[in-house]
1. If we scan the range 283-294, do we find a residue that is within 30 Å of Val38 (Cβ to Cβ), in the same structural domain as Gly223 (by TED's automatic domain parsing) and surrounded by fewer than 17 Cβ atoms within 10 Å (Cβ to Cβ)?
2. I'd like the full set of residues that are out of contact with any helix residue (DSSP H, G or I) (no Cβ under 6 Å at 6 or more places or on another chain) and closer than 19 Å to Arg266 by Cβ, limited to the range 292-307.
3. For the range 333-366, what are the residues that are modelled with pLDDT under 80 and small (Gly, Ala, Ser)?
4. Which condition does Asp19 not pass, out of (1) farther than 18 Å from Thr281 by Cα; (2) at pLDDT 90 or above; (3) surrounded by 18 or more Cβ atoms within 10 Å (Cβ to Cβ), if it passes all the others?
5. Do we find a residue being modelled with pLDDT of 80 or more, touching a strand residue (DSSP E or B) at 6+ places or on another chain (Cβ under 7 Å) and not assigned by TED's automatic domain parsing to the domain that holds Thr281 anywhere in the range 205-212?
6. When the residues of the range 120-173 are narrowed to those that are within 25 Å of Glu85 (Cα to Cα) and of a type in the set (Asp, Glu), which ends up modelled with the lowest pLDDT?
7. If a residue must be assigned to a loop (DSSP other than H, G, I, E, B), closer than 23 Å to Ala138 by Cβ and out of contact with any strand residue (DSSP E or B) (no Cβ under 6 Å at 6 or more places or on another chain), how many such residues does the range 250-271 contain?
Amino acid sequence: MATKKTETKPGLSLLFADDERSLQELMKIELPRMGHQVTVCPDGLTAVAAIEKNNYDAIIVDLDMPGMTGVEVIGRLKELSPSTEAVMLTGKSTTESAIAALRYGAFDYLTKPCKLVELEALLHRIAAKRELTKKYQALQRRVKTLEGAPRLIGDTPSMQRVKSMIEKVAPTDATVLILGETGTGKELVARAVHDQSARADMPFVAINCGALPETLIESELFGHTKGAFTGADEHRVGLFEVASGGTIFLDEIGELPKPMQAKLLRVLESREIRRVGENKTVKVDVRVVCATHCDLQEMVAMGEFREDLMYRINPFEIHVPALRERLDDIGDLARCLLERFRPHAKPFDQQLRSDAVEALRRHVWPGNVRELANVIEHATILCDEGPISADDLPPHFNRRKLSGSARSRGPQTLRDMEMEAIHEALERHDGAKPKAAEELGISLKTLYNKLNSEASLRQAG
């Protein structure tokens with residue numbers, strides 16, 4: 001008869017402090033046997049010094065030690081790392097000692113002589129608690145960041161291909177590279193990959209590589225120890241550790257500075273991170289999903305992106321289509337956005353008039369779905385509770401603008417139409433690029449890139 005396989009919790013990083021040499025030697029053998037990593041200290045002062053340099057999941061300390069008592073060690077621990085659990089060892093099996101340990105923040109206490117089976121059961125409870133805490137924190141982060149249901153909208157062939165590729169790659173642990181213009185919903189695709197994977201109950205951690213100063217990126221990703229650099233006043237856990245067991249989403253990977261590209265490559269190859277200010281490495285179990293609107297091949301040719309990193313992050317690519325390439329999805333996207341901005345309104349077909357739908361389908365959408373969201377929000381504010389008409393859309397959607405310039409010039413390329421929308425936005429805001437970018441639903445950097453590209457084409461012509 002086959003025996004049922006028991007589920008094992010991941011090992012803990014432990015610190016054990018006791019002045020009894022025989023107990024020190026015992027724990028050096030038994031705690032690793034239980035599947036945990038352990039640092040053994042002979043007294044409280046040594047234990048505090050170790051806590052100041054390293055992060056631990058839990059510490060086990062004797063109540064009576066020379067130089068510093070176990071209670072004092074726990075007190076210092078809670079100042080440095082409040083989330084680290086503490087277990088008190090005491091030879092005094094009295095109610096007073098138990099109350100003292102719990103009062104100072106201990107998870108539990110054990111009396112000497114300590115039975116290994118009791119210690120193992122206690123550490124199992126700590127591991128289970130930390131696992132539940134991590135899941136709860138992941139749920140909190142997702143609730144805070146999600147706006148409405150995190151679902152991919154659209155049934156056009158291009159979106160069907162995206163959904164099909166997500167279904168194929170999600171159950172694996174393969175690194176995924178998501179490509180697409182700004183505002184197309186690359187993070188939504190990354191979340192779908194995570195939600196359809198075996199890691200769905202664990203954290204999904206997103207970071208925009210282009211939004212952080214170069215001096216802080218390494219600390220954000222990998223963490224740092226206290227005193228590692230000016231301003232590092234406390235230990236910090238990096239996002240790779242926060243995402244342990246789940247998925248880390250590196251958005252705008254093309255914006256990652258060249259020195260950090262080399263460090264990220266090492267992490268992807270070894271699955272180990274090194275906190276800033278530390279020499280030892282820490283194993284991490286994360287799935288990596290990256291995204292960019294840049295042409296990485298072109299960046300490699302220009303020496304701006306490492307070729308070996310490019311090959312490491314794109315064993316599986318997903319291309320997210322621009323909104324202008326799936327205009328048949330406009331209706332479904334508008335319905336979803338109206339549910340967000342008008343959660344208790346009338347049925348969709350009574351909220352958006354046909355002339356508004358026609359105007360939306362005719363637009364070029366340089367800002368893609370993000371721009372559409374801005375347009376729908378603008379219209380819901382302008383028309384109060386009534387159905388949205390073309391007149392409620394931003395001024396550049398007015399159908400009268402179609403006559404003159406665009407039609408007289410004959411057929412236009414998508415680039416021409418996109419640049420026309422950009423210049424119209426700039427004209428409405430008296431050349432203020434930040435306001436124009438906000439209206440179009442694109443980043444200021446993307447706006448500059450498009451304008452610079454247009455200038456280069458004119459010079460070449």
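1. yes
2. Passing the criteria: none in range.
3. If the condition is that a residue be modelled with pLDDT under 80 and small (Gly, Ala, Ser), then Ala345 is the only one that fits.
4. Unmet condition: (3).
5. Quick first cut of the range 205-212, residues modelled with pLDDT of 80 or more only: 205-212.
Still in the running and touching a strand residue (DSSP E or B) at 6+ places or on another chain (Cβ under 7 Å): 205-209.
If we keep only those that are not assigned by TED's automatic domain parsing to the domain that holds Thr281 as well, we get none.
No, there is no match, as no residue in the range 205-212 is modelled with pLDDT of 80 or more, touching a strand residue (DSSP E or B) at 6+ places or on another chain (Cβ under 7 Å) and not assigned by TED's automatic domain parsing to the domain that holds Thr281.
6. Pass one, the range 120-173, residues within 25 Å of Glu85 (Cα to Cα): 120-141.
If we keep only those that are of a type in the set (Asp, Glu) too, we end up with 120, 131.
Numbers: Glu120: 91, Glu131: 82.
Top of the filtered list is Glu131.
7. As a first pass, look at the range 250-271 and keep what is assigned to a loop (DSSP other than H, G, I, E, B): 252, 256-257, 271.
Retained after the next criterion (residues that are closer than 23 Å to Ala138 by Cβ): 252, 271.
Restricting the remaining residues to those that are out of contact with any strand residue (DSSP E or B) (no Cβ under 6 Å at 6 or more places or on another chain) gives 271.
Residues that pass the stated criteria total 1.
Quick grid of which residues meet (1) under 22 Å from Ile178 (Cα atoms); (2) without any contact (Cβ under 8 Å) to a residue 24 or more places away in the chain; (3) more than 20 Å from the chain's Cα centre (by Cα):
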| residue | (1), (2), (3) |
| --- | --- |
| Glu252 | yes, no, no |
| Gln261 | yes, no, no |
| Arg274 | no, no, no |
| Lys283 | no, yes, no |
| Cys294 | yes, no, no |
| Ala301 | yes, yes, yes |
| Leu352 | no, no, yes |
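The values are calculated or read from the model by the stated rules, or taken from the named source; none is laboratory data. Note that the structure is a prediction, hence the values are computed from the model and not measured. Counting neighbours? That spans all protein chains shown, and the Cβs are built from the backbone with ideal geometry, glycine included.
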